[in-house]
Structures are given as C-alpha cells and as structure tokens.
1. What is the residue count in the stretch 148-181 for residues that are in contact with a helix residue (DSSP H, G or I) (Cβ under 8 Å, 6 or more places away or on another chain), of a type outside the set (S, T, N, Q) and surrounded by fewer than 13 Cβ atoms within 10 Å (Cβ to Cβ)?
2. State yes or no: is Phe29 surrounded by fewer than 17 Cβ atoms within 10 Å (Cβ to Cβ) and assigned to a helix (DSSP H, G or I)?
3. What are the residues in the stretch 1-28 that are hydrophobic (A, V, I, L, M, F, W, C) and touching a Leu at 6+ places or on another chain (Cβ under 7 Å), if any?
4. Going through the stretch 137-181 one residue at a time, which ones are among the aromatic types (Phe, Trp, Tyr) and outside any helix (DSSP H, G or I)?
5. Being under 30 Å from Ser20 (Cα atoms) and among the hydrophobic types (A, V, I, L, M, F, W, C) is the requirement here; does Leu154 meet it?
6. All but one of (1) more than 18 Å from Ile155 (Cβ to Cβ); (2) loosely packed, with under 15 Cβ neighbours inside 10 Å hold for Gly73, so report the exception by its number.
7. Tell me yes or no: at least one residue of the stretch 92-106 is within 17 Å of Arg17 (Cα to Cα), outside any loop (DSSP other than H, G, I, E, B) and either in the same structural domain as Phe35 (by TED's automatic domain parsing) or among the charged types (D, E, K, R) (or both).
8. Is at least one residue of the stretch 7-22 free of Cβ contacts under 8 Å to residues at least 60 places away in the same chain, more than 29 Å from Phe109 (Cα to Cα) and of a type in the set (Ser, Thr, Tyr)?
Amino acid sequence: MSWQSEHLWIELIAGSRKKSNFCWAFILFLGSLGFLLVGISSYLGRNLISLFASQQIIFFPQGIVMSFYGIAGLFISSYLWCTISWNVGSGYDRFDRKEGIGCIFRWGFPGKNRRILLRFLLKDIQSIRIEVKEGIYARHVLYFEIRGQGSIPLIRTAETQEIEQKAAKLAYFLRVPIEVF
C-alpha cells in the first residue's frame, strides 16, 4: 500500500504477516506435532494417533527419529510464529522532496536493534538498482545506491513486473536513473 502526493511518498511494507507465512507455520506445526505423537506412541506402545498402529513402528530407531523430527519441527514452527507475531520486516518507506529527506523504517527481532531506521538526503541517492536472478529460485531485489552508504535493499520479490513498476514510479518521483543488473 502506498500514498503519494506531489512532494511526499509513503509506502507501507507488509513484513512477515502474510497468508503464506501463516499457512506454512500452521502446516509445519501440525506435521511436526504428528511426528512427535507417533514417536511418543511408539515409545509407550499405545496408539495416540489412530492412523498408525504403534506395533508397526519400533521405538529404536524409527520412533526416536520421528520424535527428533517432531521436536525440530516444533522449534521451527515456533520461530515462524514468533516472526509473525513480532511482524519482522514490516515498516515504511518515506520520501519527502520538499524537505529533501528519505527515511526507511523496519521492525526487526526483539532486542537492542528492534527498530531499524535509516535517514538520508535525497540528493545523495545516485540511482535505483534492480537486481534480477533467474532460475529455479528467481529473485528480484530493488536497491538504492546512496553516496557514502552503498546499496540499501528496499524490497525483494519473485515478480518481475511488480518490481519494475515500483522502480519506475520511484525513480520518476525521486528523479534518479534506474540500473538493471
């Protein structure tokens, strides 16, 4: 979501509270809980899950391995749920041509550096750079090239058209060139 006027551009960044993250966290939680319950039921010799008979799975080594995968999956699932609840990566981009100041704000993980705030002068922006990597894991990243600070990533997506449109609008608003790598 973005808001734009003649001199001000504000764009809200979604962060980790996306439908796909909720789905993956939920699926991972249920799957790892299933693995852990199968491992525990093989240890106890009783059926905690009616899909598998506990006599078919021997505790050593299958039950131990399934318990290990269940515990590891629960840790990964809890990590995903924490990033969703903290909304890591969310924030905003604000560019004010009247004052000549740009501001990038993101929420990080809890701790000393939870709030990430970058402020810079708009005249120091040399260009907007799009980095494109095609293949199985396609990746498109939009960067700012800022004098004295190097490249600062703005957004990362798998959609080529989305990143090109955003780069074109932002370059036009800031009156800087676009570079493609």
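The values are calculated or read from the model by the stated rules, or taken from the named source; none is laboratory data. As the structure is a prediction and not an experimental result, all values here were calculated from the model. Don't worry about glycine lacking a Cβ; one is built from the backbone with ideal geometry, like all the others, and counts go over all protein chains shown.
1. So the answer is 2.
2. When the stated conditions are applied, Phe29 does not pass them.
3. Matches in the stretch 1-28: Met1, Trp24, Ala25, Leu28.
4. Tyr137, Tyr143, Phe144, Phe181
5. The answer is yes for Leu154.
6. (2)
7. yes
8. no
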